[in-house]
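Read the structure below first, then the notes.
The values are calculated or read from the model by the stated rules, or taken from the named source; none is laboratory data. Since this is a predicted model, take the numbers as computed values, not measurements. So basically every Cβ, Gly included, is an ideal-geometry build from the backbone, and we count neighbours across all protein chains shown. Accessible surface areas use protein heavy atoms only, side chains included; no ligands, DNA or RNA. Shrake-Rupley method; radii C 1.70, N 1.55, O 1.52, S 1.80 Å.
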Amino acid sequence: LSNVRAHEQSLVYHIVLNHSIDHNKGILPKNCVVVAAGNEKSDSEAAHTLAEPLFRRFSAHIYLKVDAISFLEWGSERQKDHKDRTKIHPLVLSYISTHGIKALHSSYDPEKPPQSTSELPLDPRAWEQVSDIIYNNGGMLRKELIENKVGPAHAEALMQFAENPPLTLEAVLAGQYTTSDIPKNFNDRYALALSLRRANESQIEEVRDFIGKYLGNALSDIAVILDP
């Protein structure tokens, strides 16, 4: 809603306050709740200040902040249409887990607006698109496509990161790993544990045992929330 100019925002005043387009026209059912989303001006070049009269018509305002842990937990859930895939590709999950919030999100600078797509600020949506690119290319990384989403620096860093890929679910289940393949730092272990959440019902116990044995008790909660 904040991406609409003030004189256009006025078109929704009546909908928010009276639940109708204009008095007797377009009346919403009584059980409807009007919800709007928008960006802060500090986060988007396209955002405008929400007109005060409209701002006051909403009974509550919820401000969301980018959180790497929440993104990783959501991204490690299985896709509805592809049960063998997590919502975010394991490589991206591992990269974000290793590099943290600085790799997931960067602030928009209104004084230096981006001049090309490669200069756009980082955000979770961009990494979701990178994940889709990897999935749609059969696991291959297309640097030129990734650059358009997260910029050349992170595209290059992701390519280098992929040269030593994390353990996969398939390798864990097949026992194709050694103790030297087990991540040493907590962030990498966390990313690996999350990537194993796509295990199916027959694989859950084996995955839980692996997490408990090699990744530590601190990550046992992830083993518990593995869903069949």
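Structure values in brief
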| item | result |
| --- | --- |
| Hydrodynamic radius by Kirkwood, which averages 1/r over all alpha carbon pairs of the chain, in angstrom | 20.4 Å |
| Per-pair calculated FRET efficiency, R0 = 22 Å: residue 46 and residue 144 via Cβ, rounded to 0.05 | 0.30 |
| Average accessible area per residue (Å²) across the chain - probe 1.4 Å, nucleic acids and ligands excluded | 62 Å² |
| Two-decimal Rg to Rh for the stretch 70-192 - Kirkwood Rh, Cα set | 0.99 |
| Approximate spin-label separation residue 102-residue 34, in nm, with each point projected 7 Å along Cα-to-Cβ | 4.4 nm |
| Heavy atoms of residue 35 accessible to a 1.4 Å probe, total area in Å² rounded to 10 | 130 Å² |
| Helix-only CD estimate at 222 nm, as mean residue ellipticity for the chain, using -39500 (n - 2.57) per DSSP H run (n ≥ 4) | -12000 deg cm²/dmol |
| List 179, 86, ordered by accessible area with a 1.4 Å probe, largest first | 179, 86 |
| Loop-located GluC sites (Glu not before Pro) in the stretch 156-223, at most 15 other Cβ atoms within 10 Å (DSSP) | 163, 201 |
| Residue-level accessible surface for residue 70, protein heavy atoms, 1.4 Å, Å² | 70 Å² |
| Net length gained if the chain between residue 63 and residue 179 were fully extended (0.36 nm per residue, minus Cα distance) | 37.4 nm |
| 83, 143, reordered so the largest accessible area comes first (probe 1.4 Å) | 83, 143 |
| Largest-first ellipsoid semi-axes for the stretch 133-173, taking √(5λ) over the Cα gyration tensor eigenvalues, angstrom | 22, 12, 6 |
| With every protein chain in place, the stretch 157-223: carbon and sulfur % of accessible area (1.4 Å) | 46 percent |
| nm² value of the averaged projected area, convex hull over the Cα atoms of the stretch 1-123 | 11.1 nm² |
| The stretch 1-110: chymotrypsin sites (Phe, Trp or Tyr not before Pro) in DSSP coil with no more than 10 other Cβ atoms inside 10 Å | 63 |
